[in-house]
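So the structure is just underneath, and the comments pick up after that.
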Amino acid sequence: LAPQKSTYDVIVIGAGIQGSFTAYHLAQRHKDTLLLEQFLLPHSRGSSHGQSRIIRSAYPQEYYSRMMPDCFRLWQQLEAETGTTLYRQTGLLVLGPPGEPELEACRRSLGVDEVLDAAALSRRFPGFRLQAGQVAVLDSTAGVLFADRALRAVQEVFRRHGGTLRDGEKVLSIQPGATVTVTTTAGVYKAPRLIITAGAWTGAFVEQLGLRLPLQPLRIDVCYWREKQPGSAGLGSVSPCFLTLGLSQAPHGIYGLPSIEYPGLMKVCHHHGSPTDPEKRDQIPSSTPRPDIAVLSSFISSYLPGLETQPAVMETCLYTNTPDEDFILDRHPKFSNIVIGAGFSGHGFKLAPVVGKLLCELSLGEEPSYNMAHFAITRFPGVLGAAQ
Ligand SMILES: Cc1cc2nc3c(=O)[nH]c(=O)nc-3n(C[C@H](O)[C@H](O)[C@H](O)COP(=O)(O)OP(=O)(O)OC[C@H]3O[C@@H](n4cnc5c(N)ncnc54)[C@H](O)[C@@H]3O)c2cc1C
């Protein structure tokens, strides 16, 4: 056996969608890159697994909507590079009360928009109902990304460009310095640059680097709902995606996608979950009340009456939320050759091509392509804990 190579230009920890896209950009820039993943791939223990994620142009915050044309372009580029279909255009409805500030901001982000009242919505999309006075904004650019397939595709291109992906290899410790030393369950690696994209594990993991990031892992119930009469309500596989804003019964929002994973079952989830530890997410007694399911059942009976009101399939996934639900994309305040990408707060998948580009630029000491003020670590007080 050839001795294992141990020195790289850049090491990336965590092969979810963010770490994989970061490694993809680095390899395309001819950086000798090592991507480390604790689990054997593919796995379903993090945040990037499953078949579907929403991609949309409509965003309440213009610092995300401005990134979306670049994201759509980079997703298309990945489709072309791998000859795979990664995206299905379905359109997306943003449902809520007219004048609601985030809904209005979504409208503005679209430039050309289409606003439907309750009658117009049920004519155009017969499976959907609105309450009196509510409206739906249509983002016709939006659709579904095939998540598992996308993760495989980005890792495949990374490898094709000479990148090294080592899975089933957990990083145990990091020694900062001009050369960073990374010790895993299988070896010791060195590089002048390190990027940490460890998803829900990031908060605990960066404590060894003297950082206390306000990252809260949440366990999300991923629920799939059966059509009462298959194919009869304009739901199922022909439905647009949707999300709600400003509904009093679901202040965190509810979103849905057409049936992709399971024939005839729509994915409808609460954009919120229960605080958890990524190592303990399955340790929930069966008697624990599930308030999310009650919120979803009540929403479905009013807004999607063609679906049964109890989920047919339930899975789990993890969000990693920051207090303001904006991402963390920044250098370590003390060790500038260590870059962190975390806190994707349940909306990071669609943006991964640009997140990867920004983390790559930060790591290489380049001027980032977008304004990074909203993503700075230092927007949170007290992040520098025990001095190193
Ligand atoms: C139910 C659900 C629905 C969602 N819907 C959408 C949507 O519609 N649209 C959208 O844009 N976003 C959506 N998201 C959010 C999106 O999926 C996440 O933001 C994104 O997947 C986060 O990717 P990540 O790479 O940061 O995390 P992960 O995928 O969790 O990757 C982190 C990786 O790091 C690895 N790791 C951790 N510690 C170590 C270690 N010590 N050594 C080695 N490896 C390590 C982990 O094993 C993991 O594989 C959704 C998320 C969920 C859960």
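The values are calculated or read from the model by the stated rules, or taken from the named source; none is laboratory data. As the structure is a computational prediction, the values presented were derived from the model and not from experiment. Glycine also receives a Cβ, built like all others from the backbone with ideal geometry; neighbour counts cover every protein chain displayed. Ligands, DNA and RNA are excluded from the accessible area calculation, which covers all protein heavy atoms including side chains. Shrake-Rupley method; radii C 1.70, N 1.55, O 1.52, S 1.80 Å.
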Just one of VAL206, VAL188, VAL182, VAL171 is touching a residue at least 12 places away in the same chain (Cβ under 8 Å) and either loosely packed, with under 14 Cβ neighbours inside 10 Å or aromatic (Phe, Trp, Tyr) (or both); which is it? VAL188
Quick check, is ILE11 under 18 Å from ALA191 (Cα atoms) and either more than 11 Å from the ligand (Cβ to nearest atom) or touching a strand residue (DSSP E or B) at 6+ places or on another chain (Cβ under 9 Å) (or both)? yes
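Out of GLU325, GLU366, report the one residue that is over 25 Å from ARG152 (Cβ atoms), open to solvent by 20 Å² or more (accessible area, probe 1.4 Å), without any contact (Cβ under 8 Å) to a residue 60 or more places away in the chain and within 15 Å of the ligand (Cβ to nearest atom). Even if it seems obvious, please write down each step before you answer.
Working: GLU366 fails: within 15 Å of the ligand (Cβ to nearest atom).
Residue meeting the stated conditions: GLU325.
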Looking at the structure I just gave you, is ALA15 under 17 Å from the mean Cα position of the chain (by Cα), in the same structural domain as GLY203 (by TED's automatic domain parsing), surrounded by 15 or more Cβ atoms within 10 Å (Cβ to Cβ) and of a type in the set (A, V, I, L, M)? yes
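Within region 225-236, identify whether any single residue is touching a strand residue (DSSP E or B) at 6+ places or on another chain (Cβ under 8 Å), within 13 Å of the ligand (Cβ to nearest atom), outside the structural domain of LEU329 (by TED's automatic domain parsing) and not charged (D, E, K, R), and answer yes or no. Reasoning before the result, please.
To start, the set of residues in region 225-236 that are touching a strand residue (DSSP E or B) at 6+ places or on another chain (Cβ under 8 Å) comprises 225-228, 233, 235-236.
Checking the rest, the ones that are also within 13 Å of the ligand (Cβ to nearest atom) come to none.
No, there is no match, as no residue in region 225-236 is touching a strand residue (DSSP E or B) at 6+ places or on another chain (Cβ under 8 Å), within 13 Å of the ligand (Cβ to nearest atom), outside the structural domain of LEU329 (by TED's automatic domain parsing) and not charged (D, E, K, R).
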Odd one out for GLY341, checked against (1) in contact with a strand residue (DSSP E or B) (Cβ under 7 Å, 6 or more places away or on another chain); (2) open to solvent by 10 Å² or more (accessible area, probe 1.4 Å): (2)
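Evaluate the following for PHE158: is it buried (at least 21 other Cβ atoms within 10 Å of the Cβ), among the aromatic types (Phe, Trp, Tyr) and assigned to a helix (DSSP H, G or I)?
Working: buried (at least 21 other Cβ atoms within 10 Å of the Cβ): yes; among the aromatic types (Phe, Trp, Tyr): yes; assigned to a helix (DSSP H, G or I): yes.
The answer is yes for PHE158.
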Residues of region 251-269 being under 16 Å from GLY50 (Cβ atoms) and within 17 Å of the chain's Cα centre (by Cα), which ones? TYR255, GLY256, LEU257, LYS267, VAL268, CYS269
Would you mind listing the strands (runs of 3 or more DSSP E) fully within region 1-114 where at least 2 residues are under 29 Å from PRO278 (Cα atoms)? 10-13, 33-36, 52-55
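How about region 289-322: which of its residues are among the acidic types (Asp, Glu) and open to solvent by 40 Å² or more (accessible area, probe 1.4 Å)? Steps first, please.
Of region 289-322, the ones among the acidic types (Asp, Glu) are 292, 308, 315.
The answer is GLU308, GLU315.
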Assuming PRO126 fulfils every condition listed in (1) open to solvent by 10 Å² or more (accessible area, probe 1.4 Å); (2) under 17 Å from the mean Cα position of the chain (by Cα) apart from one, which condition is it? (2)
Does LYS350 meet the test of being among the basic types (Lys, Arg) and either within 23 Å of LEU218 (Cβ to Cβ) or in contact with a His (Cβ under 6 Å, 6 or more places away or on another chain) (or both)? yes
When only residues in region 61-71 that are surrounded by fewer than 18 Cβ atoms within 10 Å (Cβ to Cβ) and in contact with a helix residue (DSSP H, G or I) (Cβ under 9 Å, 6 or more places away or on another chain) count, which is farthest from GLY253 (Cα to Cα)? ASP70
Restricting to region 262-277, count the residues that are open to solvent by less than 50 Å² (accessible area, probe 1.4 Å) and either farther than 27 Å from GLU325 by Cα or not assigned by TED's automatic domain parsing to the domain that holds ASP221 (or both). 2
Would you call LYS334 more than 9 Å from the ligand (Cβ to nearest atom), basic (Lys, Arg) and not in a helix (DSSP H, G or I)? yes
Just wondering, is there one or more residues in region 36-50 that are farther than 24 Å from MET372 by Cα, assigned by TED's automatic domain parsing to the domain that holds VAL206, of a type in the set (S, T, N, Q) and more than 7 Å from the ligand (Cβ to nearest atom)? yes
So, of the residues in region 244-261 that are more than 24 Å from GLY234 (Cα to Cα) and polar (S, T, N, Q), which turns out to be surrounded by the most Cβ atoms within 10 Å (Cβ to Cβ)? GLN249
Run THR309 past the list (1) within 16 Å of the ligand (Cβ to nearest atom); (2) in contact with a helix residue (DSSP H, G or I) (Cβ under 6 Å, 6 or more places away or on another chain); (3) part of a loop (DSSP other than H, G, I, E, B) and report the number of the one that doesn't hold. (1)
